[in-house]
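Novice: Let me begin by handing over the structure; questions about it come next.
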Amino acid sequence: MKLFITKCFAAFSVMFVIALCSCIYSCTASDILKTYNMKNCEYSYKSITTVTISGINVSNGISVLDASKILLLLTTQQSSIPLSFLLTLNVRNPNNSEAAFRGIMYKINIDGIDFTEGSVDEPFSVASGETKPLSIKIGTDVAEVIKKHSRDTVINMVKNFIGMGSDKTKIHVELKPKFIVGTQIVTSPVVFPVDFTFGGK
């Protein structure tokens with residue numbers, strides 16, 4: 001599987017955090033440093049597992065019967081076609097101290113199609129010099145994606161993604177960490193991108 005490792009090159013605006021903290025006294029210098037350290041972390045693709053479409057688990061291959069069911073779902077009018085998977089990224093912290101965030105917002109683009117976006121409100125931290133997996137449960141409704149794009153384009157994308165197609169899909173992930181300023185949860189104004197390929201035969 002082709003792998004692209006993308007270093008977070010966008011400088012996180014520490015002045016933005018400090019300005020907010022000046023208004024909320026309980027934000028500590030340690031909180032600022034942990035969040036600021038995220039800008040230097042390196043994010044890389046590790047795995048996509050637990051892939052299901054309309055309740056059919058396709059992570060370990062697709063039987064002929066399941067393939068026919070999935071093809072019928074994609075090519076006929078359906079009110080809902082849920083697709084979900086677990087995306088795991090490696091996060092390497094090259095800083096001299098811990099990097100951390102309170103939660104994360106994400107956007108997933110597959111083959112140029114805005115696939116889904118969402119938010120995970122779980123804290124994450126990685127110690128200095130260490131690499132730690134970050135897992136995000138991703139879900140969307142393919143029927144809703146079809147409404148916004150060409151059916152044939154979406155069908156081709158889904159087939160490649162789940163392994164029914166011959167081509168690999170190009171996946172672009174955008175991450176925006178959340179952090180605590182006083183009693184408020186604030187979303188980073190800076191996007192951390194990760195690009196890789198998946199699926200196909």
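The values are calculated or read from the model by the stated rules, or taken from the named source; none is laboratory data. Every value quoted in this text rests on a predicted model; they were computed, and no experiment measured them. Don't worry about glycine lacking a Cβ; one is built from the backbone with ideal geometry, like all the others, and counts go over all protein chains shown.
Novice: Could you identify the single residue in E174, E130, E144, E122 that is surrounded by fewer than 19 Cβ atoms within 10 Å (Cβ to Cβ), of a type in the set (D, E) and touching a Ser or Thr at 6+ places or on another chain (Cβ under 9 Å)?
Specialist: E144
Novice: Look at region 30-60 and say how many of its residues are basic (K, R) and over 16 Å from the mean Cα position of the chain (by Cα).
Specialist: Final tally of qualifying residues: 2.
Novice: What number of residues within region 41-75 are closer than 28 Å to P193 by Cα and touching a helix residue (DSSP H, G or I) at 6+ places or on another chain (Cβ under 7 Å)?
Specialist: Final tally of qualifying residues: 3.
Novice: Which one of I24, I18, I62, I56 is modelled with pLDDT of 95 or more, β-branched (V, I, T) and on the phi < 0 side of the Ramachandran plot?
Specialist: I56
Novice: Same structure again: Name the residues in region 79-108 that are closer than 15 Å to P133 by Cβ and not in a strand (DSSP E or B), would you?
Specialist: Result: N93, single match.
Novice: Could you figure out which of (1) aliphatic (A, V, I, L, M); (2) surrounded by fewer than 22 Cβ atoms within 10 Å (Cβ to Cβ); (3) in contact with a helix residue (DSSP H, G or I) (Cβ under 8 Å, 6 or more places away or on another chain) isn't true of I162?
Specialist: With respect to (1) aliphatic (A, V, I, L, M); (2) surrounded by fewer than 22 Cβ atoms within 10 Å (Cβ to Cβ); (3) in contact with a helix residue (DSSP H, G or I) (Cβ under 8 Å, 6 or more places away or on another chain), I162 is out only on (2).
Novice: Right, something else. In region 136-150, which residues are of a type in the set (K, R) and free of Cβ contacts under 8 Å to residues at least 40 places away in the same chain?
Specialist: Once the filter is applied, which keeps residues that are of a type in the set (K, R) and free of Cβ contacts under 8 Å to residues at least 40 places away in the same chain, region 136-150 yields K147, K148.
Novice: Taking only pairs six or more apart or across chains, which ones have beta-carbon atoms under 7 Å, a first residue in region 116-135 that is under 14 Å from A100 (Cβ atoms), and a second residue that is exposed (fewer than 13 other Cβ atoms within 10 Å of the Cβ)?
Specialist: Matching pairs, first to second residue: S128/N96.
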